[in-house]
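S.K.: Sending over a structure as structure tokens; questions will come in a sec.
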Amino acid sequence: MTAESTPALVQVADAHAESPAPAGPASARDRRAHNTKAYLQYVAAKIAGAAVSLFAVLVTSFFLFRLIPSDPVKQMTGGRPVSTEQLESLRHQLGLDQPMWQQFTSYIGDALTGDFGTSFQFHAPVIDKIVEALPATLLLTGTSYVLYTAIGIWLGTRTAWRNGSRSDRFNTAFALTLYSVPSFWLGLLLIIVFAVGVGPIPGMFPTGGMESGNESGLAYVLDVVHHLVLPVITLVAVGYAQTLLVMRSSLLDEMGSDYLTTARAKGLRDDVVRRKHAVPNAMLPTFTLMFVNLGHMVAGQILVETVFSWPGLGGLFYQALSVPDLPLVQGLFFVFATAVILANTLADVLYPLLDPRVGR
């Protein structure tokens, strides 16, 4: 070995000594631990944000409905002649004669324990009225949710994949039209045409309600389904249009990606490329929309339930707002907002599992 070659060999040896060792099981465990820690911090931040939002809703629900220019006591008397002493006695029974700050602290303290007070007009605990009306709302909105989500994703995928075709133009234009139509107006139109009857079209469905009241067993189930048809069609028509448009837009953004070109170059069929490569990536925005709509399931559609006289939370909220029945309105508003906040939080928590770039 010559003197000239020694420094070069030494430099090569030093370079190898300074280079990082190949990643082994320990480094893989470290990465997993780091990712898990980052995800847990992300989840904790989302939960903390949801808790702050819920408390803000609790405070807002107290003050918001007290801005309504109406006296609950006078509304409850129904315009009958009542003496001043009787009005003051009723206000005292309802706790409306207390200072605002005292009403607020009592409301917050009770609400944090799940007690939303007693309904003015029904003379029953608010939570009992909510539990009583919840199944009807979940039946209506749950059925509609499953239908319009499935139809919207399926049609949105097909229209985007056939972008520019006649079916794409028709479905997109029809969805845009339905999406811009107010749901209550569409419900009234369906009642006029298919419940009351117009011209040669006879009235085939009930104008409202959930049941006829004189059926049992299988006949009762069929009767409820008969009453469900028109309100479900109303909600599906508007909901599927929104889902279709979001799914179509997301898939169009993915269709020009290089990984789809590579998949086709490997000889994969067009149907396989769409189902196994394009659609899963395009589902991310639709996934978020699905959870947002899931939160709205509890709130229901207040106007649609009112138009069809559906005995759910939406119709109950409309009745409470007309008085105003402050405890019932506040309780329903908090339940509606809680459902939306929890659904959004759940979507945020699950989103990193579908897209690892989020929350890292």
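S.K.: Sort 27, 61 by accessible area with a 1.4 Å probe, largest first.
M.R.: Putting 27, 61 in descending order of accessible area: 27, 61.
S.K.: OK, next. Once neighbouring chains are kept in place and the probe is 1.4 Å, which whole percent of the accessible area of the range 99-149 is contributed by carbon and sulfur? It would help to have the intermediate numbers written out before the result.
M.R.: On the way: 1770 of 2620 Å².
Percent of accessible area from carbon and sulfur atoms in the range 99-149: 67.
S.K.: Once fully extended, how much extra length lies between residue 112 and residue 40, figured as 0.36 nm per residue of separation less the alpha-carbon to alpha-carbon distance? Walk me through the numbers on the way to the answer.
M.R.: Numbers: separation 72, 0.36 × 72 = 25.92 nm, distance 2.63 nm.
Length difference between fully extended and current span is 23.3 nm.
S.K.: Right, something else. Evaluate the distance, in nm, between pseudo-label points positioned 7 Å from the Cα of residue 346 and of residue 249 along their respective Cα→Cβ axes.
M.R.: Going from the residue 346 label point to the residue 249 one covers 2.5 nm.
S.K.: Using a 1.4 Å probe and counting only protein heavy atoms, arrange 254, 211, 305, 132 so the residue with the most accessible area comes first.
M.R.: Ranked from most to least accessible, the order is 132, 211, 254, 305.
S.K.: Under a 1.4 Å probe, what is the accessible area of the range 251-360 per residue, stated in Å²?
M.R.: 46
S.K.: Same structure again: Once fully extended, how much extra length lies between residue 47 and residue 216, figured as 0.36 nm per residue of separation less the alpha-carbon to alpha-carbon distance?
M.R.: Here the answer is 56.4 nm.
S.K.: What value in Å³ per residue do you get for the convex hull of the alpha-carbon atoms in the range 89-184?
M.R.: Values: hull volume 17.2 nm³, N = 96.
Looking at the range 89-184, the number lands at 179 Å³ per residue.
S.K.: Shifting gears a bit: Heavy atoms only, probe 1.4 Å: what % of the accessible area of the range 174-312 goes to carbon and sulfur, would you let me know?
M.R.: Carbon-and-sulfur percentage of accessible area, whole number: 65.
S.K.: Further, regarding this structure: Hey, if you put +1 on the Cβ of every Lys and Arg and -1 on every Asp and Glu Cβ in the range 191-279, which of 216, 206, 246 ends up farthest toward the positive end of that dipole?
M.R.: 246
S.K.: Going by amide H atoms built from the backbone, whose H comes under 5 Å of the H on residue 209, apart from near neighbours?
M.R.: The list, which skips near neighbours in sequence, is 309, 310.
S.K.: Oh, and also: With a sphere of radius 14 Å drawn around the Cβ of residue 313, what net charge do the other residues whose Cβ falls strictly inside it have (Lys, Arg +1; Asp, Glu -1)?
M.R.: Within the 14 Å Cβ shell, the charges total -3.
The values are calculated or read from the model by the stated rules, or taken from the named source; none is laboratory data. Keep in mind it's a predicted model, so treat the numbers as computed, not measured. Glycine also receives a Cβ, built like all others from the backbone with ideal geometry; neighbour counts cover every protein chain displayed. Surface areas here come from the heavy atoms of the whole protein model, side chains and all, with no ligands, DNA or RNA. Shrake-Rupley method; radii C 1.70, N 1.55, O 1.52, S 1.80 Å.
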